[in-house]
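The values are calculated or read from the model by the stated rules, or taken from the named source; none is laboratory data. What you see is a predicted model, and the numbers here were worked out from it, not measured in a lab. Neighbour counts run over all protein chains shown; Cβ positions are idealised from the backbone, glycine included. In case anyone asks, the SASA skips ligands and DNA or RNA and just uses the protein heavy atoms, side chains included. Shrake-Rupley method; radii C 1.70, N 1.55, O 1.52, S 1.80 Å.
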Amino acid sequence: MRNILYVVLAMLLSAAAMTAYAADKNEKMETNKIKLKIGEQTFTATLVDNSSTKALKEMLAKGDVTVEMEDYANMEKVGPLGASLPRNDKHTTTSAGDLILYQGRYLVIYYDPNTWSFTRLGKIDNVSRSELLAALGRGDVTVTLSLD
């Protein structure tokens, strides 16, 4: 009888641990925040609610995503995400800190304005243009995205 109680107790503890793990994973997926590591600095960004950001969060739930970005037209850093996400393109004017999905497969971080048909992903929180430029530097930069 005692052995049966131990087995039942072990099963209950195992189920509780699995439920806690699933709840933590779902909570991270539910957030509208992500982290961006640019060089030695880490920023948070607030995501908009669309199918593109849902797909991005699903991608990040599997692990961090590193994007090799290059400067384009003295207004943005752009690099391939490594996968295509759903597009929600709308006529958009960007500003410093905007996170944009271009052609469904490129991450763009704007530091100067531009107007085009883009999919808005979100915006880096509490960062000025000068702080963003200092972090992004000149030329190529590596950016790592993760769930907050």
Give me a count of the residues in the range 83-123 that are open to solvent by less than 10 Å² (accessible area, probe 1.4 Å) and under 17 Å from VAL65 (Cβ atoms).
10
Being touching a strand residue (DSSP E or B) at 6+ places or on another chain (Cβ under 8 Å), at pLDDT below 95 and either crowded, with 17+ Cβ neighbours inside 10 Å or closer than 18 Å to THR142 by Cβ (or both), is that true of even one residue in the range 25-41?
yes
Suppose we filter THR119, THR53, THR93 for residues that are of a type in the set (Val, Ile, Thr) and within 13 Å of the chain's Cα centre (by Cα); which single one remains?
THR53
Only one residue in ASP71, ASP49, ASP89 is touching a residue at least 40 places away in the same chain (Cβ under 8 Å) and acidic (Asp, Glu), so which one is that?
ASP71
What do you reckon, is PRO80 over 13 Å from the mean Cα position of the chain (by Cα), under 18 Å from ILE34 (Cα atoms) and open to solvent by 40 Å² or more (accessible area, probe 1.4 Å)?
yes
Which of the residues belonging to the range 68-77 are out of contact with any Lys or Arg (no Cβ under 9 Å at 6 or more places or on another chain) and open to solvent by less than 70 Å² (accessible area, probe 1.4 Å)?
ALA73, MET75, GLU76, LYS77
